[in-house]
Amino acid sequence: MMRAGVALPAFSPGAFTRIFEANDIVKGKSPVEAADDETYWAQIQRAFDDDRTIVNLNNGGVSPTPTHVLESMFRDLKWSNQIPVWHMWQDLEPRIEAVRRDLARMFGCDPEEMAITRNASEANETMILGLDLQRGDEVIITNQNYGRMITTWEQRARREGIVVKKISFKVPPPSDAYIVDQFRAAITPRTRVIELTHITNLTGQILPIRDIVRLGREHNIEVLVDGAHAFAHFPFVRDDLECDYYGTSLHKWLFAPIGTGFLYVKRDKIGKLWPLMAAAESQNDNIRKYEEIGTHPAANHNAIALALAFNKGIGLERKAARLRYLRDRWAKRLLAESPRFNILTPLDDRQSCAICLVNIEGVDTQKLQQWLWGKHKVMTVAIIHPEFHGLRVTPSVYTMPDEVDLFADLMIKAQKQGIAAN
Ligand SMILES: Cc1ncc(COP(=O)(O)O)c(C=O)c1O
């Protein structure tokens, strides 16, 4: 489905139409029924130019983009380079409005509440550094927040004397109510802000955002949501969360080119949230004030439109069902194999999707990661947190079942024979 103003692929229109043709393969099937239809998923795999001599199970960190999305970015970069002052500033840059409109539609907000950023860090730091706070004001975060966001708060504490309270919660948490209770217990009359992840980058735990937003409202506390790993990973819209602030990357789960993200700020909050880079007073209530970042390529953010269309072609329900199918395929096999496998992510739809954390009792997690990559070219990421550890395993829509099977085979080998001699 094409709309006016959306950047179109120039080099491989076949890749774009393929997913719409592929829809016929799964016609009449529910997302769960389509989750293991390899004829359908083979079409999706072909949209990515992947090197099958390696197995990438760290698609949470940053994701490859489909080839036709990358090519549209290349096309726009080349076009810009001919006469940037005209082709980039006058022709391509204004098309950001189509991206804003389409992103807002998918997130379920007004386009006037949607700013395009270069990553989640930029969006989140705008939220964290943009609110006026007084010395002694308190902020609640968790020790499972993303490192750079914790660093940002700690810099504010050093610079302005705000108080950052870091809470902990069990992995896996016993219930949503338990998580909310940890936040509630940390609230004092000085609490002004809560900042937390929608889904943690450590275990892939989905947190009960709406309940925490409601808790914040009861106490006049701003709740800032770091959705870096959530948007386009599993289905939800703004109204499911009821949030006023949301930052995300688009180079993770939307499969947009590297260097893309968004910041959502509810309309009546924009005036009070300062931009990271200065904007004119006349822009005070304008969401575009967060995009006053100086000269930057228009090609990257315009290619978001194609990535959006790609995701729409698959459908988020179908995508999430496939990701959970791939996760369960390896995780449930390991659980059935030996009690030495510890899965630290709850395997239910409400609490997780593609991302899952696993460790093997008695096997060093860091060395296991090095063994998998160094010897077998299977990429995962070692998560070492003071309270837990494990390999974070994240398949994507282009991952083949054979690849997660290979990972499970290797984990079973590591558990049975160790990693020293293999
Ligand atoms: C929870 C979380 N927040 C923020 C970020 C930062 O994202 P980016 O590197 O796109 O700025 C990440 C990156 O992995 C993350 O996992």
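Report the calculated FRET efficiency for E242 and A421 (r = Cβ-Cβ distance, R0 = 41 Å), to the nearest 0.05.
Computed FRET efficiency for E242 and A421 comes out at 0.15.
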Within the chain, which is the longest segment containing none of the GluC sites (Glu not before Pro) that sit in a DSSP loop and have at most 11 other Cβ atoms within 10 Å?
1-360
Taking the solvent-accessible surface of protein heavy atoms with a 1.4 Å probe, what is the per residue accessible area of the chain in Å²?
42
Which percent of the accessible area of the range 117-219 is formed by carbon and sulfur heavy atoms (probe 1.4 angstrom)?
45
Rule-of-thumb check for the range 239-305: C-alpha Rg over 2.2 N^0.38 Å?
1.22
DSSP loop trypsin sites (Lys or Arg not before Pro) in the range 119-175 with at most 15 other Cβ atoms within 10 Å of their Cβ, which ones?
R135, K170
In nm, to one decimal, how far is the D36 label point from the W86 one, both placed 7 Å along Cα→Cβ?
5.9
Label-point separation in nm, D268 to D110, each point 7 Å along Cα→Cβ
1.1
Show me the three semi-axes of the equivalent ellipsoid for the range 20-146, from the C-alpha gyration tensor (sqrt of 5 times each eigenvalue), largest first, rounded to whole Å.
34, 26, 18
Computed FRET value (nearest 0.05) for S282 with Q182, which takes r as the C-beta separation and R₀ as 45 Å:
0.60
Nearest 500 deg cm²/dmol is fine: what mean residue ellipticity at 222 nm does the chain get from its DSSP H runs of n ≥ 4 alone, each adding -39,500 (n - 2.57), divided by its residue count?
-12000 deg cm²/dmol
Spin-label pair Q366/V164, simplified geometry with 7 Å Cα→Cβ offset, distance in nm
2.3
Measure out, as a whole number of angstrom, how far apart the alpha-carbon centroids of the range 303-330 and the range 218-241 sit.
19
Estimated D of the range 185-302 in µm² per second, where Rh is the Kirkwood radius over Cα pairs and Stokes-Einstein applies at 25 °C, 0.890 mPa s:
156
Given R₀ = 56 Å, FRET efficiency for K29-Q134 by Cβ-Cβ distance, to 0.05?
0.50
How high is the relative contact order of the range 191-301, given as a whole-number percent (alpha carbon pairs under 8 Å, six or more residues apart)?
19
With only alpha-carbon atoms counted, please give the Rg and Dmax of the range 46-86, in Å.
14.3, 42
When the chain is treated as a Gaussian network with springs between alpha carbons less than 10 Å apart, the largest mean-square fluctuation among G390, G28, G261 is found at G28
Express the relative contact order of the chain as a whole percentage, based on alpha carbon pairs under 8 Å and six or more residues apart in sequence.
22
Output the Kirkwood hydrodynamic radius of the range 97-137, Cα pairs only, in Å rounded to one decimal.
11.8
Straight-line reach from K166: which lysines fall under 29 Å, measuring Cα to Cα and dropping same-chain residues less than 8 apart?
K252, K266, K269, K272
Across all Cα atoms of the range 64-219, Rg and the largest Cα-Cα distance (Dmax), in Å, are 19.9, 59
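Treat every Asp and Glu Cβ in the range 44-141 as -1 and every Lys and Arg Cβ as +1, leave all other atoms uncharged, and give the resulting dipole magnitude about the Cα centre to the nearest 20 debye. Can you show the working numbers first?
Working: 10 positive and 17 negative charges, 87 e Å.
Roughly 420 debye, rounded to the nearest 20.
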Hey, if you put +1 on the Cβ of every Lys and Arg and -1 on every Asp and Glu Cβ in the range 339-422, which of V358, H376, G390 ends up farthest toward the positive end of that dipole?
H376
Rounding to the nearest 20 debye, state how big the charge dipole of the chain is about its Cα centre with +1 on each Lys and Arg Cβ and -1 on each Asp and Glu Cβ.
560
In the range 267-312, carbon and sulfur make up what percent of the accessible area (probe 1.4 Å)?
53
When the chain is treated as a Gaussian network with springs between alpha carbons less than 10 Å apart, the largest mean-square fluctuation among H233, H251, H219 is found at H219
Rounded to two decimals, the Debye log10 I(q)/I(0) of the range 130-261 (Cα scatterers, no solvent) at q = 0.11, 0.12, 0.17 Å⁻¹ is -0.38, -0.45, -0.92
Cα convex hull volume per residue for the chain, in Å³, equals 148
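I'd like the projected area of the range 268-395, averaged over all directions, using the convex hull of its alpha carbons. Report it in nm² with one decimal.
12.9
The values are calculated or read from the model by the stated rules, or taken from the named source; none is laboratory data. All of these numbers come straight from a predicted model, not from anything done at the bench. Note that each Cβ is placed from the backbone with ideal geometry, even for glycine, and that neighbours are counted across all protein chains shown. To get the accessible areas, we keep the full protein, side chains included, count just its heavy atoms, and leave off ligands, DNA and RNA. Shrake-Rupley method; radii C 1.70, N 1.55, O 1.52, S 1.80 Å.
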